[in-house]
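The values are calculated or read from the model by the stated rules, or taken from the named source; none is laboratory data. Computed from a predicted model, the values in this text were never measured in an experiment. We place every Cβ from the backbone using ideal geometry, glycine too, and count neighbours over all the protein chains shown.
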Amino acid sequence: MRTITTIDSHVGGQLVRFVVEGMPRAMGDTPVEKAAWFRRHADPLRRALVLEPRGHADVTAVALTEASSPDAHAGLLFMDGGGYPRYVACAAVAAAAVCVSRRLILTGDSDGPEPLLVFETPVGLVRTRVRRADGVTTVLLDAGPAFVHTAGTAVLRGTRRVPVDIAFGGDFFAIVDSEAAGVPLDSAHISDLRRVGLELCAEIDKRAALTHPQLGGSQQLAGVALTGPPSTDGAHLRGVVVNRHGVVDRSSLSGSAAVMAVLDAMGIVAEGQLFVHEGTAGLVVQGTLRRRTTVGDLPGVDLEISADTWVVGEHTWHLDDDDPLRHGVPS
């Protein structure tokens, strides 16, 4: 029997499962190679962690790997029900908070007020700072540079013409107004939002060739960020992200940088201005435009996103050899 221990957190209402022990070392020279190795050699363990009966459709798991970059403290391997996303912002936030609070990674400023951790991911280095005050852990995430890739395009959903902007903020997201897509943006309609997100992602895949000036190559859309009017005082927008595997991020964090890039291109965001983004769980994340920059020949913005996170459980999962569902319910 194999056991895997995890620490579960929620980031703005979104569950993240951080792997502490029990997973094999992912082999490879880069984060992409490590994810490919895990897919080939240990994928049943991903399924065991994120699928029922131990998980559900919207669980994201994250594990530390050895970093190949000398500028990173560790690498991150992201896992969900559909496979291995290149980057999940809420999982990076949860990993930073757990690593600092449990002293899993020690650095020169580990005992300082805002320890810095740098993670290596398939989309590059991700910098985080962890702030702990009054019982709340807040992670400040370097979310730039973000930029608009395609502005003012549209796709069809049935007979409905849906306006779409495509922006990069940690990864590529399609920004869509939920009303234009024909679905209310609230927790009661999560299944509808999931379906719409998957439909739009598939349609955009057919039409849009995505390239990043620095990452190179052809890129896939990470997901669809649906936006709408907020219900919380002080929030500017409500948001939810449906990734290409159908995972719903109730925190709004995943799409915040891409949304801010679009708002900046529209002339709505000013340097130093706070952007408050509400998720469907009713909690908010906050973004700040630190400076304008360029990404290749494209105008971009350097952003910082802050999100609160709480540990909700510590688990030892048993994968009994005689259990027909030890590797999760078949999808």
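Miscellaneous remarks
- Those residues of the range 271-318 which are free of Cβ contacts under 8 Å to residues at least 24 places away in the same chain and touching a His at 6+ places or on another chain (Cβ under 8 Å), in sequence order: Gln286
- Number of the exception - Gly328 against (1) in the same structural domain as Ala188 (by TED's automatic domain parsing); (2) within 21 Å of Gly81 (Cα to Cα): (1)
- Within the range 1-21, the set of residues being assigned to a loop (DSSP other than H, G, I, E, B) and surrounded by 17 or more Cβ atoms within 10 Å (Cβ to Cβ) comprises Gly12, Gly13.
- Selected residue (criterion: surrounded by the most Cβ atoms within 10 Å (Cβ to Cβ)) from residues of the range 23-58 that are without any contact (Cβ under 8 Å) to a residue 60 or more places away in the chain and over 25 Å from Asp71 (Cα atoms): Arg46
- The condition of being among the basic types (Lys, Arg), under 23 Å from Gly328 (Cα atoms) and not assigned by TED's automatic domain parsing to the domain that holds Ala167 holds for only one of Arg47, Arg132, that being Arg47.
- Note on the range 59-82: residues that are part of a strand (DSSP E or B) and buried (at least 20 other Cβ atoms within 10 Å of the Cβ) total 12.
- Residue within the range 25-33 that is of a type outside the set (Phe, Trp, Tyr) and more than 27 Å from Gly169 (Cα to Cα) present: yes
- Test for Arg238: is it among the charged types (D, E, K, R), assigned by TED's automatic domain parsing to the domain that holds Pro213, in contact with a helix residue (DSSP H, G or I) (Cβ under 6 Å, 6 or more places away or on another chain) and within 30 Å of Arg195 (Cβ to Cβ): no
- Residue in the range 83-90 that is assigned to a strand (DSSP E or B) and either modelled with pLDDT under 95 or under 15 Å from Gly170 (Cα atoms) (or both) present: no
- Condition check for Asp142: of a type outside the set (Ser, Thr, Tyr), farther than 23 Å from Asp29 by Cα and surrounded by fewer than 16 Cβ atoms within 10 Å (Cβ to Cβ): no
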